Amino acid sequence: MVEAPPAAAAPAARPPAPEVVTLDGYVRRSSGHSTTWVNGVPQNDRLQVDRDGVRIEDEQRHAIHLRVGESYDVNSGVRQKVLGEGNAEVQR
């Protein structure tokens, strides 16, 4: 009995793009380098910052401008402020 050779492994599927994009934070150091957190993942010197906020591209390469604390639902186009209104106070 002759056995068929094992099937080649299928290439790893690309993980699905997140449906909601959240800009968690942005830091620019004195050296000029920056870190931006998108959906909790640091992006070192990868994203463009301008007066409208941080420019993020979705899977179809559409530009989304978000400010820190904003979320954008890619499917519905709804933008939300995660932080809401009010003041933040630091006590020392």
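The values are calculated or read from the model by the stated rules, or taken from the named source; none is laboratory data. Bear in mind that the values here come from a model prediction, so they are computed numbers and not experimental data. Backbone-built Cβ (ideal geometry, glycine too); neighbour counts: all protein chains shown.
Of the strands (runs of 3 or more DSSP E) lying entirely inside the range 7-92, those carrying at least 1 residues that are at pLDDT 75 or above, among the basic types (Lys, Arg) and touching a Leu at 6+ places or on another chain (Cβ under 9 Å) are 53-57, 79-81. A search for C-beta distances below 9 Å between a residue of the range 28-57 that is small (Gly, Ala, Ser) and any residue that is assigned to a loop (DSSP other than H, G, I, E, B) and surrounded by 12 or more Cβ atoms within 10 Å (Cβ to Cβ), counting only pairs 6+ apart in sequence or on different chains, returns Ser34/Leu47; Gly53/Arg67; Gly53/Val68.
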